[in-house]
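The values are calculated or read from the model by the stated rules, or taken from the named source; none is laboratory data. Bear in mind the structure is a predicted one, so any value in this text is a computation, not a measurement. Cβ placement follows ideal geometry from the backbone for every residue including glycine, while neighbour counts extend to all protein chains displayed.
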Amino acid sequence: METSVESESRRRMVSKVPGHVRRIEVDVNWFELAGIADRSGKVASYQCDADAGIASDSAKSAPEGLDDAAPIQPVQKPVTSLVVTDEEGADQAPVQAQEPDDQESQHELGRRLEVGDSGADHTEQASELKSTLAGLLGEETTIELDKLKRLAWKGLEDETRPMTWKLLLNYLPVNASRREETLYMKRTSYRHAVDQYWKASDWSPDEEAVFRQISVDIPRTCPDHKLFHVRQVQEILQRILFVWALKHPASGYVQGMNDLVSPFVYVFLLEQYEAKAEGGLLSRRSVEDAFSEEQLFYAEADSYWCLTALLETIQDYFTFSQPGIQKRVAYLEDFVQRVDPALREHLQKENLQFLQFSFRWLNCLLMRELPFELMVRVWDTYMSEPDGFAVFHVYVCAALLARFSDELREMDFQELVMFLQNLPTKNWTRNDVEMLLSQAFMWRTIFDDKQFSKDLK
Amino acid sequence: MAGRSDDEYDYLFKVVLIGDSGVGKSNLLSRFTRNEFSLESKTTIGVEFATRSIVTEGKTIKAQIWDTAGQERYRAITSAYYRGAVGALILYDIAKKMTFENVERWLKELRDHADRNIVIMLVGNKCDLKHIRAVSEEEGTSFSERNKLSFIETSALEATNVEDAFSRILTEIYRLVSQQQLEKGGTGFQPPAEGEKITLKNPADEPKKKSSSSCCST
Ligand SMILES: Nc1nc2c(ncn2[C@@H]2O[C@H](COP(=O)(O)OP(=O)(O)O)[C@@H](O)[C@H]2O)c(=O)[nH]1
Ligand SMILES: [Mg+2]
C-alpha cells in the first residue's frame, strides 16, 4: 500500500514557477481516451454496424499481431449508409415551441421531448440527427444558427460537437468564408496573452497568489478522468485559468472554474486527436505521439475562448460574494415551492438551506453532480438554449431535485446533506439526463417571460 | 449509508475544519470518517460534512465535521458555517510556510464568526513530508501556546495522529460541556440554529435516538 501511494505521489504535478520547473511524467494510454469518446457515441455506431451487416462484436476483437492490451476502438463511425437529410425532423425540435396555453399543450410539449420508449426509434432518430447536422456543418456559405440550435438541443456526438460548440458560443462565425481567418486571429491573440501574462518574468504578489491557488486545484480537477492526469493537459488548464483570471480582475480565479474549463479541453483535445487519428491511431501511446505541439495549442486556445464566452454569460456568478449564485439559489427555492411544495416544506422543516447543497450546483454548473460525459451532453443543450447557463440551468437544478423528491422527503437533516452532496447518479445514462432536460424545458417554457425568471437575465 | 447504530449517541458536536486551500482538510476528514485518502480528491466547493462517533469517558460522542473551501472568495457565504460549532481544527501544511502564516487570519475569522467558547486545535498536517518541511514542530508548539490552543501534527496520508487529533478535541469539548452542565448554565455555548441538529445535546433534555427504529429497515 505504501508503495502504491508513493507512486501516486510521483504522478502528482508539482507547482511550476517560471524558471523553476519540476515536472513529473505521466504515462497515459491514449486508447482509453478514444474509448471514452467512443462510449458516448455508442448508439450511433452500433446502428451503423448493424446496417453494414457487421456483427458488433467483430469490431472489438483485436487483429493478430497487435498489442492485445490495446482494444481497437471504432473511432471512425461510418455514416455513409445513412444519408438522410430530413429538414422536417429538424423543425420538430423543441426550442421554438409555442406558448402553451393549456394543460394539454404542456403535456404535448413534454411528450415531444421525451426520449422514445423503443430503442430503435431513438437510434434512428440519433443517426438522422447526426447526418442532418453533418450536412449543416458542412454548409459552404452561412450556417443558420437557429437550425443548428434546434438540432444541437437534442444532443451532439463527438464528431459534431467541437465545431457546433464553437459556433453556438459565437467563437466561430456562421459565415464559412470568415472562419479560418477568425480562428487564426483568435489563436494568435491568445498566444500573445500567454506571452504577456503567463510568461511574464515578474509576477506581482497577487498574481503569485492566483498562480498558487490554481496550481493547488489543478491536480484536483476531474480526477476521475484519466485525461486530466496528463501533465501536458494539466498545464493547459493551468495556463487557461491563469490568463483568464488576470484578464478578468473583477472576478479573478474562483474555485470551480477549473471544473468549467474541463469539458472544453476534453472536447477540443478530442477534436485534435481525431484529426490526427486517421491512419495509424494504434501507434499513438504518448501525448507527444497523439498530438503535435500545434494541436495541443489549438485545443488550448479554443478552450480559452469558449470558456471566456461561457463565463461572460454568467459573470455575476463569480464577482465578489457571488451575487449571481445567491440570486439563483433564492429563485430555485421559490421555484421548487411552486412545482413541488411538499419537498420545499420538508427541506424547510429539516432546516436545510438551499444554499447548502445548491451552491455547488450553480458554482460548478452540475459538473460535480453528474458523470463527466453526461455533463458534456447537457452542455449541448445549454448552448442551444437562450440563456442556457444563466437561466435554463436553474430549471435543470430544479428538475434534478424534483427527481429525488420521494427519497428526499423521507430524510432528516443529516441524511439530506449526505445524500445531496453525493447524488446517486454514477450509473445514469443519456436517457436520464434527457429526461431532466425535458422537464426543465417544460418548466422554462411555461414560466419563461413571467416575472419569475425575468430578473435572472 | 450510515448504520442505525450510528444514531445512538449521548452528544452531538459540530466541529469545523478551516485553513488554507490545499492543506488537507478534506482528506483529514475522509481519513477520520471513512479511513480513505486520495491524492486527487476534488476541491471542496461550498460546504460538506461527514460524521463519526467515538466513545470517550464512557460516553458516545457523535462528531458532525464540516468541511469547506479555503478560498477567501467563499467566506462571505460560509459564515453560517460557524453557527453552532463547538470545535474547530485550524489546519496548515507543514511543508508550506504561508499556510502557517495564515493561521493568524483563520483565528481572527473564528473570533469574528464563531462562539467565543469554541474549542480550537491547531493541526500541522502532511507531517509525512519531512524532507520538505518548512515549519518546525517547535514553531507550531510555541504558536499554539501563545494562543492557548492545543496542537498536534498529523498526516492524513499515513494516517498519523488523525484519530488522536479528533479524539483529543472531542474529549476536550465533552469535558467542557459536562463541566458546564454541572455549573448549570452560566457562560455556556450559544444554542445553535433550530433544527440543524447540531446542538450540544443534554441527554437529560432530549432522549437519544433509539435503535428500535431499525426494526423497520431490513
Ligand atoms: N503528503 C501528504 N499529502 C496530503 C496530506 N493530506 C492531503 N494531502 C494532499 O494535499 C492535497 C490537498 O488536499 P485536500 O484534502 O483536498 O485539501 P483541502 O483543500 O484543505 O481540503 C491533495 O492532493 C491531497 O492528496 C498528507 O497528510 N500528506
Ligand atoms: Mg477540501
Matching option when the condition is in contact with a helix residue (DSSP H, G or I) (Cβ under 7 Å, 6 or more places away or on another chain) and of a type outside the set (Asp, Glu), among A:168, A:183: A:168
Selection from the stretch B:5-22 of residues that are surrounded by 19 or more Cβ atoms within 10 Å (Cβ to Cβ), more than 10 Å from ligand 2 (Cβ to nearest atom) and not aliphatic (A, V, I, L, M): B:7, B:9, B:11, B:13, B:14, B:20
Boolean, residue B:177 is surrounded by 18 or more Cβ atoms within 10 Å (Cβ to Cβ), aliphatic (A, V, I, L, M) and at pLDDT 95 or above: no
Hits in the stretch A:212-247 (condition: more than 10 Å from every other protein chain (Cβ to nearest Cβ) and of a type in the set (Asp, Glu)): A:235
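So that you can scan it fast, the table gives a plain yes or no per residue for (1) out of contact with any helix residue (DSSP H, G or I) (no Cβ under 9 Å at 6 or more places or on another chain); (2) within 12 Å of chain A (Cβ to nearest Cβ); (3) at pLDDT below 95:
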position	(1), (2), (3)
B:23	no, yes, no
B:31	no, no, no
B:44	no, yes, yes
B:79	no, yes, yes
B:99	yes, yes, no
Subset of the stretch B:52-71 (residues that are within 9 Å of chain A (Cβ to nearest Cβ) and modelled with pLDDT under 95): B:69, B:70, B:71
Filtered residues of the stretch B:111-156 (kept if basic (Lys, Arg) and either within 16 Å of ligand 2 (Cβ to nearest atom) or touching an Asp or Glu at 6+ places or on another chain (Cβ under 8 Å) (or both)): B:126
Selection within the stretch A:411-433 - crowded, with 21+ Cβ neighbours inside 10 Å and under 24 Å from the mean Cα position of the chain (by Cα): A:420, A:433
Looking only at the stretch B:23-76, and only at residues there that are surrounded by 19 or more Cβ atoms within 10 Å (Cβ to Cβ) and on the phi > 0 side of the Ramachandran plot, the one that is farthest from ligand 2 (Cβ to nearest atom): B:46
